[in-house]
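Quick notes on the structure that follows.
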Amino acid sequence: MKVAKGPRPWPIRLFAAAFAVQALLSFWWEMTHRAGVATMLLERGGIPLNDDGTIVVISVRLTIALIPMALVWFFASPFARWMVVVVALGRLAINLPETIETALSGGPLRPTFIAAQVLALCGAALLFHPSAKWWFARAKSDVGVFA
């Protein structure tokens, strides 16, 4: 993998900002609600964790969210571009039924969750803006110069 050269087009810059904000927003919320995250991990995955274990899982989730962003920013990776889309849509598909159920029952919707979801989807869409597509194609075709 070669490091992408030159300035990033505005959609790539905006994607990186949106994706970083959504990852940090989710991280912040999870860190301030560790007991709820631990309960969710126990209910959904059968993973009993103490507070330290919960912090590790939350930190791993932040790292996993930032890896594709780094691959897009530094390497113009087409794989990471599609991975961002798949993860954003998968996250939407997993969380949408519960979100609709909560909204219909009159329960509170977490603004941080909604904002993170919207930022992830918008960030993924930005990767397919024409100037972003051009940047990915240019980075792929940039083979360098042999002396």
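The values are calculated or read from the model by the stated rules, or taken from the named source; none is laboratory data. Quick caveat, the model's predicted, so the values are computed rather than measured. We place every Cβ from the backbone using ideal geometry, glycine too, and count neighbours over all the protein chains shown.
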Yes or no: A38 farther than 27 Å from G6 by Cα and touching a residue at least 40 places away in the same chain (Cβ under 8 Å)?
no
Given the conditions (1) of a type in the set (A, V, I, L, M, F, W, C); (2) more than 30 Å from R34 (Cβ to Cβ); (3) modelled with pLDDT under 90; (4) within 13 Å of the chain's Cα centre (by Cα), report the number of the one that F113 does not fulfil.
(2)
Any residue that is surrounded by 18 or more Cβ atoms within 10 Å (Cβ to Cβ) and under 17 Å from Q117 (Cα atoms) - is there at least one of those in the range 46-57?
no
Say whether the condition of being basic (K, R), assigned to a helix (DSSP H, G or I) and within 10 Å of the chain's Cα centre (by Cα) is met by at least one residue in the range 57-71.
yes
Take T63 and tell me if it is of a type in the set (S, T, N, Q), in contact with a Leu (Cβ under 9 Å, 6 or more places away or on another chain) and closer than 28 Å to F128 by Cβ.
no
In contact (Cβ under 8 Å) with a residue 60 or more places away in the chain, crowded, with 16+ Cβ neighbours inside 10 Å, more than 29 Å from K140 (Cβ to Cβ) and not hydroxyl-bearing (S, T, Y), is that true of L25?
yes
